[in-house]
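Participant: I am attaching a structure below and will ask some questions about it afterwards.
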Amino acid sequence: MGSHSLPGLAGLQVPVLDREEGKSFRPQSLTIVYASPLNQLDEQVKQAGISIALSSLLLLAATVLLALWGVRRGLLPLQELAAQAGLVSTHNWELHLPDDAQQIKELRPLTQSMTTMLARLQHSFDQQREFLGNAAHELKTPVAVLKSTLQSLLQRPRASEEYRAGLEHSLEDLERLEQLLQWMLRLARAEQWAHGALRRDLQVIDITATCEEAVERVRHLAESRKTTVHLSKNGPVPFRADPEDLQLVWINLLENAVRYGPEGGSVEVAVIRENSGPARIVFEDHGTGIAPADLPHVFERFYRGDPSRTRTTGGFGLGLAIAKALVEAYGGTITADSAPGKGTRMTVELPVGQNS
């Protein structure tokens, strides 16, 4: 066979079972050997390997191109969403979502989160803009009155009594202006603390004691309106807080209840603590109540459902906003329930179990 490599197949001692008829049978066996050259087989294997490699490379390239096209096509709605998000500004809070982005199930959590976030940002921005406008308006009024009073004093020579009366009125306007500024600063600090911008080391105090102190502070106002304030309690309620903060909340709620309740009526204050749940402090009057249209807005800054009435009582529309900010700063909640002609109930809940 020369020098060629030969593959071989050998069958050794293969039995032969066939026998001729009429003769005695003796088992026989054969040895079979088969050989063939390997040159052609090697060439075929090599060609097959090259074909498989080329086919695999072509298939891989096609797969990569198809994958890139699919990824690019799949990210197209996200790119359009990013482009629309870039158009959002303080003048345009609308997020126009592409139809593809709305139909893709995997993108729905993102689009919903972005829509909710923009709604909250718009609400906060509108609140800040409204706050600045209202603050400017509130500051403008006492400043204008003060300026007018001083100008009238300088128009012509006056007697000393007239100068004294004018200066006294000016001091009253300055006090009102100073009080407004203090309330605005207190509100700003309370909101900063509620959002974690401020931290203080607080001592454990008694909520019931702060309510008793607040009742004493508004007693003069209550007596001037012949109003009786009843305080019900069931023992001390420990809570980690600044007593001045809580007293400010209680005084605001008590002053509203006394001022807007009927003259000669009563105001009920209850400090309730059941088991290990939150403490509830309830302030209830029996006045004219709050109109349903005004009830959702009573905690907004500078909001006054009856501007003429609050002007005469010296209010700025900041008391309930400050109370809400302080209560939320301590992790609590404040709610208002009212029925026209039956009175108003303010309920504050404080997490005494978690705080103390």
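Participant: Would you mention how many residues in region 307-348 are over 20 Å from the mean Cα position of the chain (by Cα) and at pLDDT 80 or above? Lay out the reasoning, then the answer.
Facilitator: Step one: list which residues in region 307-348 are over 20 Å from the mean Cα position of the chain (by Cα), which gives 307-320, 336-348.
Next, only the ones that are at pLDDT 80 or above stay: 320, 336-348.
Result for region 307-348: 14.
Participant: Can you find a residue in region 119-136 that is touching a helix residue (DSSP H, G or I) at 6+ places or on another chain (Cβ under 8 Å), in contact (Cβ under 8 Å) with a residue 12 or more places away in the chain and surrounded by 13 or more Cβ atoms within 10 Å (Cβ to Cβ)? If you could, list the steps in order and put the result at the bottom.
Facilitator: Taking region 119-136 as the starting set, the residues that turn out to be touching a helix residue (DSSP H, G or I) at 6+ places or on another chain (Cβ under 8 Å) are 135.
Then keep just the ones that are in contact (Cβ under 8 Å) with a residue 12 or more places away in the chain; that gives 135.
The next check asks that each one be surrounded by 13 or more Cβ atoms within 10 Å (Cβ to Cβ); those that pass are 135.
Checked region 119-136: at least one residue is touching a helix residue (DSSP H, G or I) at 6+ places or on another chain (Cβ under 8 Å), in contact (Cβ under 8 Å) with a residue 12 or more places away in the chain and surrounded by 13 or more Cβ atoms within 10 Å (Cβ to Cβ).
To keep it simple, each residue is scored yes or no on (1) within 30 Å of residue 329 (Cα to Cα); (2) among the basic types (Lys, Arg).
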residue	(1), (2)
147	no, yes
152	no, no
163	no, no
177	yes, no
183	yes, no
211	yes, no
218	yes, no
226	no, yes
248	yes, no
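Participant: Has region 250-273 got any residue that is surrounded by fewer than 18 Cβ atoms within 10 Å (Cβ to Cβ), modelled with pLDDT of 90 or more and among the charged types (D, E, K, R)?
Facilitator: Scanning region 250-273 turns up at least one residue that is surrounded by fewer than 18 Cβ atoms within 10 Å (Cβ to Cβ), modelled with pLDDT of 90 or more and among the charged types (D, E, K, R).
Participant: I'm checking my understanding of the structure. Among residues of region 274-286 that are out of contact with any Lys or Arg (no Cβ under 7 Å at 6 or more places or on another chain), buried (at least 16 other Cβ atoms within 10 Å of the Cβ) and farther than 14 Å from residue 229 by Cβ, which one is modelled with the lowest pLDDT?
Facilitator: Taking the candidates together, the pick is 278.
Participant: In addition: Residues of region 138-184 being among the polar types (S, T, N, Q), assigned to a helix (DSSP H, G or I) and either at pLDDT 80 or above or more than 22 Å from residue 318 (Cβ to Cβ) (or both), which ones?
Facilitator: Once the filter is applied, which keeps residues that are among the polar types (S, T, N, Q), assigned to a helix (DSSP H, G or I) and either at pLDDT 80 or above or more than 22 Å from residue 318 (Cβ to Cβ) (or both), region 138-184 yields 148, 149, 151, 152, 160, 170.
Results for (1) at pLDDT below 90; (2) in a helix (DSSP H, G or I); (3) surrounded by fewer than 14 Cβ atoms within 10 Å (Cβ to Cβ), shown as yes or no for each residue.
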position: 186; (1), (2), (3): yes, yes, no
position: 192; (1), (2), (3): yes, yes, yes
position: 198; (1), (2), (3): yes, no, yes
position: 201; (1), (2), (3): yes, no, yes
position: 205; (1), (2), (3): no, no, no
position: 208; (1), (2), (3): no, yes, no
position: 211; (1), (2), (3): no, yes, no
position: 214; (1), (2), (3): no, yes, no
position: 223; (1), (2), (3): no, yes, yes
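Participant: Take region 325-356 and flag every residue that is of a type in the set (Gly, Ala, Ser), in a helix (DSSP H, G or I) and either buried (at least 21 other Cβ atoms within 10 Å of the Cβ) or free of Cβ contacts under 8 Å to residues at least 24 places away in the same chain (or both). Can you show your working first?
Facilitator: Step one: of region 325-356, the residues of a type in the set (Gly, Ala, Ser) are 325, 329, 331-332, 336, 338-339, 341, 343, 353, 356.
Remaining after also requiring in a helix (DSSP H, G or I): 325, 329, 353.
Listed by number, the list holds a single entry, 325.
The values are calculated or read from the model by the stated rules, or taken from the named source; none is laboratory data. Predicted model, so just to flag it, every value in this text is computed and none were measured. Every residue, glycine as well, gets a Cβ built from its backbone with ideal geometry; the counts of neighbours run over all protein chains shown.
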